[in-house]
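A quick write-up on the structure given underneath.
The values are calculated or read from the model by the stated rules, or taken from the named source; none is laboratory data. Since the structure is predicted, the reported quantities are computational estimates derived from the model, not experimental observations. As a convention, Cβ positions derive from the backbone with ideal geometry for all residues, glycine included, and neighbour counts pool all protein chains shown. Side chains included, ligands, DNA and RNA excluded: accessible areas come from the protein's heavy atoms. Shrake-Rupley method; radii C 1.70, N 1.55, O 1.52, S 1.80 Å.
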Amino acid sequence: MDEPARSRRMAPVPSEPPAGPIAEELMVRVAKGDERAFELLYDQFAGPIYGLVRRIVRDAAQSEEVAQEVLVELWRTATRYAPDKGSALNWAMTLAHRRAVDRVRSARASTEREQKATFEAARGRPFDEVAESVTARLERSQVRRCLSFLTDLQRESVLLAYYQGYTYREVAEVLSTPQGTVKTRLRDGLIRLRDCLGVTA
């Protein structure tokens, strides 16, 4: 009851929509270290910031974390806000967008590093061991979906190895194909499966 009345008193022009002038005034007070002003600003901005971050990051827990980081950044960098360059909300949303995009890029880079490390570690291992490792990490439904992205030649080689337990020598005999060609098909098929896992995870 008391806060709306106080907020109305803070508005420099009563006829204007409350969200605009109140936010700008709060930012000025936050820049001076006013904790109460930050609490009021937090109440106004937390929802919009989280909504924007969630649309970009998607994961709820990570979105909450990024939104909190943005709000803390608002408190720490309020002195950098320039009212003549736009509204306080637009400034906050720009910070939120930047943070959210950084989080997505960081997560993508981390996934790519893990996939590269996995592939590098697997290159010198026997195919059967690699196949067992991949199968353990992929659910069967994911494997079936990802198989559709393989070429026909890759798919038939991988199916023989995955679902019928053939070694690459046996696959080569069944397909009447040189062992070197089979190894290449299986290797390329595994790479595509890993790529698929990265996309759908």
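Tabulated data for the structure shown
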| item | result |
| --- | --- |
| Extreme residue, surrounded by the most Cβ atoms within 10 Å (Cβ to Cβ), among residues of segment 88-102 that are out of contact with any Phe, Trp or Tyr (no Cβ under 9 Å at 6 or more places or on another chain) and touching a residue at least 12 places away in the same chain (Cβ under 8 Å) | Ala100 |
| Odd one out for Ala61, checked against (1) under 14 Å from the mean Cα position of the chain (by Cα); (2) surrounded by 14 or more Cβ atoms within 10 Å (Cβ to Cβ) | (2) |
| Selected residue (criterion: farthest from Leu26 (Cα to Cα)) from residues of segment 64-87 that are open to solvent by less than 70 Å² (accessible area, probe 1.4 Å), touching a residue at least 24 places away in the same chain (Cβ under 8 Å) and assigned to a helix (DSSP H, G or I) | Val66 |
| Test: Arg29 is open to solvent by less than 70 Å² (accessible area, probe 1.4 Å), of a type in the set (Lys, Arg), modelled with pLDDT of 90 or more and more than 30 Å from Ile191 (Cβ to Cβ) | yes |
| Residues of segment 158-185 satisfying the condition of being buried (at least 17 other Cβ atoms within 10 Å of the Cβ), under 33 Å from the mean Cα position of the chain (by Cα) and modelled with pLDDT of 75 or more | Arg185 |
| Unmet criterion (only one of (1) closer than 30 Å to Arg108 by Cβ; (2) crowded, with 16+ Cβ neighbours inside 10 Å; (3) of a type outside the set (Ser, Thr, Tyr)) for Ala23 | (1) |
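Conditions (1) assigned to a helix (DSSP H, G or I); (2) touching a Ser or Thr at 6+ places or on another chain (Cβ under 6 Å); (3) at pLDDT 70 or above, marked per residue:
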{"residue": "Leu89", "(1), (2), (3)": "yes, no, yes"}
{"residue": "Ala92", "(1), (2), (3)": "yes, no, yes"}
{"residue": "His97", "(1), (2), (3)": "yes, no, yes"}
{"residue": "Arg105", "(1), (2), (3)": "yes, no, yes"}
{"residue": "Glu120", "(1), (2), (3)": "yes, no, no"}
{"residue": "Leu150", "(1), (2), (3)": "no, no, yes"}
{"residue": "Glu156", "(1), (2), (3)": "yes, no, yes"}
